[in-house]
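To start, the structure under review is shown below, and the notes come after it.
The values are calculated or read from the model by the stated rules, or taken from the named source; none is laboratory data. Note that the structure is a prediction, hence the values are computed from the model and not measured. When we count neighbours, we look across all protein chains shown, and the Cβ atoms used for this are built from the backbone with ideal geometry, even at glycine.
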Amino acid sequence: MSDDYDPAKDSYDSFNLCISSLRERLEKSKVVIGDCTLYNEDCRFILPTLQRVDHVIMDPPYEGEAHNPGRRLNGNTLELKHTRVREIHAAPLDFDAMTPDLRSFIGEECGRLSSGWLLAFCQVEAVPLWREAFAAGNAAYRRAMIWVKPDSSPQLSGDRPAQGYETIVASWAGRGASIWNGGGRRGVFTFGKHDAGVGHGGVRVNAHPTQKPIALMSDLVTLFSEQGNTILDPFMGSGTTGVACVKLGRKFIGIEREQKYFDTACRRIREAYAQPDFFVSAPEKKPEQVNLF
Ligand SMILES: C[S@@+](CC[C@H](N)C(=O)[O-])C[C@H]1O[C@@H](n2cnc3c(N)ncnc32)[C@H](O)[C@@H]1O
């Protein structure tokens, strides 16, 4: 080693190299479409680099048991009466289930980033886990809402009731009392899960195995945010939340790790800008506040 070796300069240079390679990776993963910024990356890498947003609306992976083929049925319920039960193909999901570490990270990071609501889809068994994770990010639990799915699969084993709904945890990370646009309305949303991929002319376009119906996401965006707000979805899948944001005049930041779903999200968001009435029209009027007392 030469006499003029300077360890301080060496560590400064290494630090700068590391930062510039991280910046490069960040820029490479980013696509901007109108008011939407989309990242094709692991959200654990992106979230710490973001500025505050108005609200977080997310549909993260569910618990391990929901990824199990035994609980999943990819067929259309309407076809069941013509199909013998043992012939139905149940496919496992092609992305990883939620883990305790990921949930803790998301709870803290999204609590830090949101100036308002944190909404997370989950199975009912995970409501207390998400409530706790958001509380660790200083967000106060407000309600677990219900998405009722009238066309969900029957219980094929016949030994217990079928699961006909999913839950949405709503916690408030803002200052003061929580506010939403639903007044005294119930947090119950009824939309067929097979409406998720219905696009132009009623043609079904299955963009993602757990794609949410655009009408459901539009209701949530309308009720929990204002025009011009920025909504973050760290698990955007095929970008349904982003499509709702485009239709309803919100800005959107979406993150998706899998290339094929990211590409689909980019395509759907471009189409949403190109064809304003393709999937859904914005509600003409805000829901009215109901005076209960
Ligand atoms: C339940 S799906 C979202 C579906 C979406 N709501 C839609 O309508 O298409 C969750 C998505 O999160 C992605 N994902 C899982 N872990 C991730 C991570 N650490 N960072 C970014 N995306 C992740 C999965 O690839 C999957 O597409």
Report task. Check whether at least one residue in region 126-138 is charged (D, E, K, R), closer than 29 Å to Arg175 by Cα and touching a residue at least 40 places away in the same chain (Cβ under 8 Å), and report yes or no. Result -> yes
If we ask which residues in region 145-170 are of a type in the set (Gly, Ala, Ser) and either crowded, with 20+ Cβ neighbours inside 10 Å or touching a residue at least 40 places away in the same chain (Cβ under 8 Å) (or both), their number turns out to be 3
Residue count, region 83-122, condition modelled with pLDDT under 95, within 11 Å of the ligand (Cβ to nearest atom) and of a type in the set (Asp, Glu), comes to 2
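Which of the residues that make up region 23-32 are within 16 Å of the ligand (Cβ to nearest atom) and farther than 13 Å from Arg257 by Cβ?
Those that are within 16 Å of the ligand (Cβ to nearest atom) and farther than 13 Å from Arg257 by Cβ: Arg25, Leu26, Lys28, Lys30, Val31.
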From the option list Arg250, Arg267, single residue qualifying as more than 11 Å from the chain's Cα centre (by Cα) and within 13 Å of the ligand (Cβ to nearest atom) is Arg267
The lone condition Glu41 fails out of (1) modelled with pLDDT of 95 or more; (2) away from the ligand (no atom under 13 Å from the Cβ) is (2)
Check: Can you find a residue in region 228-241 that is within 24 Å of Gly183 (Cα to Cα), more than 13 Å from the ligand (Cβ to nearest atom) and assigned to a loop (DSSP other than H, G, I, E, B)?
Finding: yes
Of those in region 14-73 that are among the aromatic types (Phe, Trp, Tyr) and in a helix (DSSP H, G or I), the residue farthest from Cys110 (Cα to Cα) is Phe15
